[in-house]
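Heads up: the structure comes next, in structure tokens.
Values in this text are rule-based calculations from the coordinates and carry no lab data. For clarity, every value in this text was computed on a predicted model and none was experimentally measured. Cβ placement follows ideal geometry from the backbone for every residue including glycine, while neighbour counts extend to all protein chains displayed.
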Amino acid sequence: MIALPRRDEHKRLTRLLLGDDFEEVHRWKDEPWRRLGVKHRIERHGLLSAFEVALKTYLETGDIEYAKKSALASIIHDIQDGFSTMVKMFIGCFRDNSYKKRKRKKRHR
């Protein structure tokens, strides 16, 4: 099973890159996790969700700059999830020993 980054990891990265942890963005994006598990990314993940986050944030705060940053936080969240999955799948390839060369049986002539 592939473990995705925890919310605190998402918050730490957005705080580092954008100056805010965007807790509300990460909570909203991962809310479907309880129903869908790892497949939760079929909802609220992707470019369209970034626009949705920006619009929602702007309507709530009236701050266009914060809304833009919340959209970036959404995109960063998706990239972080995707990168985590890619790395864990790559490591998984080596865990099953499929990378080891298999000894060939000698053919008798």
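Local charge for residue 32 was computed over the other residues whose Cβ lies under 13 Å away, with Lys and Arg +1 and Asp and Glu -1, and equals +3. Please identify the trypsin sites (Lys or Arg not before Pro) of the range 1-79 that satisfy two criteria: DSSP loop assignment and at most 13 other Cβ atoms within 10 Å. Which are they? Sparse-neighbourhood loop trypsin sites (Lys or Arg not before Pro): 6.
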